[in-house]
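First comes the structure, then the notes that go with it.
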Amino acid sequence: TGAPMSIWKRESSLNALTAESRNTLVSHVGIEFTELGEDCLRGRMPVDDRTRQPYGLLHGGGSVVLAETLGSIAANLCLADPNKMAVGLEINANHVRAMREGWVEGCARPLHLGATTQLWEIRIEDERGRLVCMSRLTMAVVNRK
């Protein structure tokens, strides 16, 4: 059977992803990329004043920002054709655990990698591995303009 095949078609690194995200929403909310595995892009986000809602809990939108960041970047790393790009078409998120502090970690894995659409599952957990949010992201593969 041999070694597992990586899903990535474009060269990248954690340092490159961090550099590309400077001065964007990604860096503003403190998202850090932690692993570019065989089939999963992982990142983490702090639960702090940038990501909490007025009642002191992790903002659901913060979880969605983490999910879409990981899924969107991963989707684009799966495209071999430099004239193509993947853009978000639809995202949903089920918030199942509240958080007041610490870090959440997300892992984006593909469910479908098609020529015109991709479907990604992004599981977001707390520091103890408990599910905080489950998100599904649909990406459209389009011509780069």
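The residue pairs whose first member lies in segment 81-101 and is under 21 Å from Thr117 (Cβ atoms), whose second member is open to solvent by 80 Å² or more (accessible area, probe 1.4 Å), and whose beta carbons are closer than 6 Å, counting only pairs six or more residues apart or on different chains, are Asn83/Arg144; Met85/Arg144; Asn92/Arg136.
Assess whether Val104 counts as being surrounded by 15 or more Cβ atoms within 10 Å (Cβ to Cβ) and in contact with a helix residue (DSSP H, G or I) (Cβ under 9 Å, 6 or more places away or on another chain).
yes
Remark: pairs (first residue in segment 12-24, farther than 16 Å from Leu66 by Cβ; second residue part of a helix (DSSP H, G or I); Cβ separation under 7 Å; 6+ apart in sequence or on different chains) = Ser12/Leu77.
For segment 107-128, which positions are within 18 Å of Val26 (Cα to Cα) and open to solvent by 50 Å² or more (accessible area, probe 1.4 Å)? Result: Arg123, single match.
Give segment 48-64 a look and list any residue that's surrounded by 19 or more Cβ atoms within 10 Å (Cβ to Cβ) and either under 10 Å from Ala108 (Cβ atoms) or under 16 Å from the mean Cα position of the chain (by Cα) (or both), or say none.
Across segment 48-64, the qualifying residues are Thr51, Gly62, Ser63, Val64.
Just one of the numbered conditions (1) closer than 23 Å to Thr34 by Cα; (2) out of contact with any helix residue (DSSP H, G or I) (no Cβ under 8 Å at 6 or more places or on another chain) is not true of Asn83: (1). Has segment 83-99 got at least one residue that is surrounded by 19 or more Cβ atoms within 10 Å (Cβ to Cβ) and of a type in the set (S, T, N, Q)? Checking segment 83-99: not a single residue is surrounded by 19 or more Cβ atoms within 10 Å (Cβ to Cβ) and of a type in the set (S, T, N, Q). Among the residues of segment 125-136, is any over 13 Å from the mean Cα position of the chain (by Cα), of a type in the set (Lys, Arg), more than 27 Å from Arg52 (Cα to Cα) and not in a strand (DSSP E or B)? No, segment 125-136 contains no residue that is over 13 Å from the mean Cα position of the chain (by Cα), of a type in the set (Lys, Arg), more than 27 Å from Arg52 (Cα to Cα) and not in a strand (DSSP E or B).
The values are calculated or read from the model by the stated rules, or taken from the named source; none is laboratory data. Being a predicted model, the structure only gives us computed values, none of them experimental. For neighbour counting, all protein chains shown are included, and Cβ atoms are generated from backbone atoms with ideal geometry for every residue, glycine included. Accessible surface is based on the protein model in full, side chains and every heavy atom, while ligands, DNA and RNA are left aside. Shrake-Rupley method; radii C 1.70, N 1.55, O 1.52, S 1.80 Å.
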